[in-house]
Amino acid sequence: MLEPVVEIEQQVTFKQEQLQTLFTVLQKRGYQLVGPTIRDGAITYDELNSTADLPVGWTDEQEAGYYRLARRKDAAYFGYVVGPHSWKKFLYPPVLSLWKANLQKGEVIVAPQAAQAPKYALIGVRSCELHAIAIQDKIFLQGEYTDPVYKARRENAFIVAVNCVTTGGTCFCVSMKTGPKATSGFDLALTEVIDGKRHYFVAESGSKQGAEVLAELTKQQVTAEEQQAAKDLMEKAAKKMGRQLDTTGIYELLYRNVECARWEDIAGRCLTCTNCTMVCPTCFCMTVLDTTDLTGQNAERKRHWDSCFTLDFSYIHGGSIRNSPKSRYRQWMTHKLAAWQDQFGTSGCVGCGRCITWCPVGIDITEEARAIRAGDKSDKATKAI
Ligand code: SF4
Ligand code: SF4
């Protein structure tokens, strides 16, 4: 799905101790590190000060509606999959103040909120997440309108990708052709290898900045054995996907099944809680809220993430046009896997599995697609994603 941006440079290896040097090099270049850390019983993305903040020796167990942390037998830094957060929280903030206004001597003074874009180094970005960022790039940067906040944050970002050698119970990136190996869209890509007593990273740069940062580390030329070890781990991960989604003809399948009985069945389970859209790395719906304080002197306009699962989201004069859980789930899933292709020329799903794990009632997009396919009466021509 991603187009290669630059030629990927030759691989090198560095010892695990050098990961802290990498962090320090990025900090000296003015980056605020953000990445995986344990909070509230989950691996979330937050500010990092050093490698001690990483979830060292922890992994995550995931199933539909189920997430638990568990201890690993080793001290892997990136031995987990993906958690409830995605990188959109840094590039497309959940709440953004657009302007503030106040009343001064009978005059309304409006002040646009032009906050300076932070300079983030995103640490530990998975291949499916690189694809999700590329999808949001299409939406916010390559369409008719550019989102200036996203643009500034995106241009400032340095991306350290980590190839997946562990897969989760709800992952299906292989079905979506989005992983487990990062192929483009990063500044640096690392594969963590723990092989007996050796703990090292196979690294490659994907940009000029990435090559400059890599040059500051103590590293060695990769050996054929190390290269093979990294390759074997990724191949093993690809074979252990927790889920699969048959994307053959999924576009036509969903469009011709807008009235199938399965939507009612899902509606009987769906709580319209919005979790699936909040955790999804590609969902980007938002709303704008205006507020005033009790004195009537101060007002503010804020942009908030929103969800197509709320009744208000499709409210137009006279009422909501998607007033049932059935219509809202159908809209979401059909948009993700079909209408997104009409709008943006790509699937809206990268197979990260978050919507399955974080659905409180365990609704599984891969299972629902399978059920719709099983009940499909038509054998019309198909179109793969
Ligand atoms: S599918 Fe699950 S996560 Fe999404 S709105 Fe329904 S209950 Fe919530
Ligand atoms: S629809 Fe679900 S599996 Fe697909 S990208 Fe969004 S959260 Fe991940």
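Any read-out appearing in this document is the output of simple, stated calculations on the displayed coordinates, not a laboratory observation. No experiment lies behind these values; they were computed from the predicted model shown. As a convention, Cβ positions derive from the backbone with ideal geometry for all residues, glycine included, and neighbour counts pool all protein chains shown.
Some points to look at:
- Packing-based ranking, highest mean first, of 117-123, 266-272 given that Cβ atoms within 10 Å are counted: 117-123, 266-272
- Computed from the C-beta positions of Ala299 and Lys138, the FRET efficiency with R₀ = 41 Å rounds to 0.75.
- 14 Å beta-carbon shell around Asp74, net charge (K/R +1, D/E -1): +3
- Neighbour net charge for Ile266 - beta-carbon separation under 9 angstrom, K R +1, D E -1: +1
- Long pairs among Lys88/Lys326; Lys15/Lys231; Lys177/Lys231, criterion Cα-Cα beyond 21 Å: Lys88/Lys326
- Packing-based order for 68-77, 276-285, 102-111, using average beta carbon neighbours within 10 Å, highest first: 276-285, 68-77, 102-111
- Each Cα pair under 8 Å and six or more residues apart adds its separation to the average, and for region 1-93 the resulting relative contact order is 20 percent.
- DSSP-defined beta bridges in region 12-239 - what % are antiparallel, rounded to 5: 75
- The mean sequence distance of close C-alpha pairs (under 8 Å, at least 6 residues apart), as a share of the length of the chain, puts its relative contact order at 22 percent.
- Comparing Tyr251, Ala229, Ile139 along the charge dipole axis of the chain, the residue lying farthest to the positive side is Tyr251, per the Cβ-charge model.
- In straight-distance terms, cross-link reach from Lys151 covers every one of the aspartates and glutamates whose alpha-carbon lies under 14 Å from its own, apart from those fewer than eight places away in the same chain; here that gives Asp137.
- Residue among Ser184, Pro36, Thr170 farthest towards the positive dipole end of the chain, charges placed on Cβ: Thr170
- Estimated inter-spin distance, Lys231 and Gln113, nm [label 7 Å along Cα→Cβ]: 5.1
- What the Cα convex hull of the chain gives, in volume per residue, is 169 Å³.
- Separation in nanometres of the label points that stand 7 Å from Cα toward Cβ, at Gln221 and Ala267: 6.5
- Taking a point 7 Å out from the Cα of Val258 in the direction of its Cβ, none of the residues of region 294-311 has a backbone N less than 13 Å from it.
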